[in-house]
Amino acid sequence: MTDTIDINELSAMFAGIGDQVSAMDYTEQLRETADDFRTIHEGYFDRSAGPDGSTWAEWYFRAKNAPSDHKTLVVTGRLKQSLISGSDHIEEVAPRGMIFGTSVPYSFQNNEGGTFPVDEVLIGRRGGMKRPGDTITLPKREHVGITDADVDKIANRVADATVEKLKQ
């Protein structure tokens, strides 16, 4: 027994699958991903290390009123908390995408590193001082981001959901 497949029928079938996938709602999977992201980012602060596993360089300058014995990137806890919940936390989940991050203004400087203007008096850990108008060079202390393994987990979660939805 034989069966004939017409290529034109396959094209129409694949176009139909494409239309179905384009209309799929991944809100549930993206909410799970947001849960994972909060845990992942909290872990960076617990380990004082970024997504690539590199340990954050210790702080050298601190605000005048900051304690001198704080962990790197944790003076008040605001930055860490902003990646978990609260008023500085950014998290929007939509059917086909999500936004995750922080609105803490100094997050970018610490995440990317670089030279930045000083806007308040800073005291050096081993002496020295920076005044407003001076510049400070911060090392990269990546605390926002995910690993390739995290991307794979998200891709697998979405792929599994896609297959299940196509079976329906």
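Just flag the trypsin sites (Lys or Arg not before Pro) in the stretch 111-143 sitting in loop per DSSP whose Cβ has no more than 15 other Cβ atoms within 10 Å.
Arg126, Lys140
Return the single residue from Asp88, Asp36, Asp152 with maximal mean-square fluctuation; model: Gaussian network over the chain, springs between Cα atoms under 10 Å.
Asp152
Relative contact order for the stretch 7-167: what percent, with Cα pairs under 8 Å and sequence separation of 6 or more?
Reported as a whole number, the value is 27 percent.
Only counting other Cβ atoms within 10 Å, I'd like Leu30, Leu10 sorted with the fewest neighbours first.
Going from sparsest to densest Cβ surroundings: Leu10, Leu30.
Can you count the Lys pairs in the chain whose Cα atoms are under 17 Å apart, with each pair 8 or more apart or on different chains?
Lysine pair count for the chain: 4.
Under a 10 Å cutoff between Cα atoms, tell me which one of Asn65, Asn110, Asn156 has the largest fluctuation in the Gaussian network model of the chain.
Asn65
Exposure proxy check: Thr27, Thr115 ranked by fewest other beta carbons within 10 Å?
Thr115, Thr27
Assign one of three labels to the stretch 89-168, namely rounded, prolate or oblate, based on the Cα gyration tensor with a ≥ b ≥ c the square roots of its eigenvalues; rounded applies when a/c is under 1.5, prolate when it is not and a/b is larger than b/c, and oblate otherwise.
Note, shape of the stretch 89-168 comes out prolate.
Taking the Cα centre of the chain as origin and charging only Cβ (+1 Lys, Arg; -1 Asp, Glu), how large is the dipole, in debye to the nearest 20?
Using Cβ point charges on Lys, Arg, Asp and Glu, the chain gives about 1340 debye.
List the residue ranges in the chain for DSSP H helices whose C-alpha atoms run 15 angstrom or more along the long axis and whose Kyte-Doolittle average is -1.0 or above.
Qualifying helices, which must be both long enough and hydrophobic enough, are 7-22, 148-167.
Out of the GluC sites (Glu not before Pro) in the stretch 75-168, which ones are loop residues according to DSSP with at most 14 other C-beta atoms within 10 Å?
Answer by residue number: Glu120.
Please list, by residue number, every one of the trypsin sites (Lys or Arg not before Pro) in the stretch 1-66 that is coil in DSSP and has at most 12 other beta-carbon atoms within 10 Å.
Within the stretch 1-66, the qualifying trypsin sites (Lys or Arg not before Pro) (loop, at most 12 other Cβ atoms within 10 Å) are Lys64.
Mind listing the phi-derived Karplus ³J(HN,Hα) values for the stretch 127-135, rounded to whole Hz, using 6.51, -1.76 and 1.60 with θ = phi - 60°, and x for any glycine or proline?
x, x, 8, 10, 10, x, x, 6, 10
Residue by residue through the stretch 56-70, which ³J(HN,Hα) values in whole Hz follow from phi under the Karplus form 6.51 cos²θ - 1.76 cosθ + 1.60 (θ = phi - 60°), with glycine and proline marked x?
Along the stretch 56-70, the couplings run 5, 4, 5, 6, 10, 9, 9, 5, 4, 9, 7, x, 8, 10, 7 Hz.
Coordinate-derived values only; no laboratory data. Worth saying up front: this structure is predicted, and the values here are computed from it rather than measured. Reconstructed Cβ throughout: ideal geometry from the backbone, glycine too, with neighbour counts over all protein chains shown.
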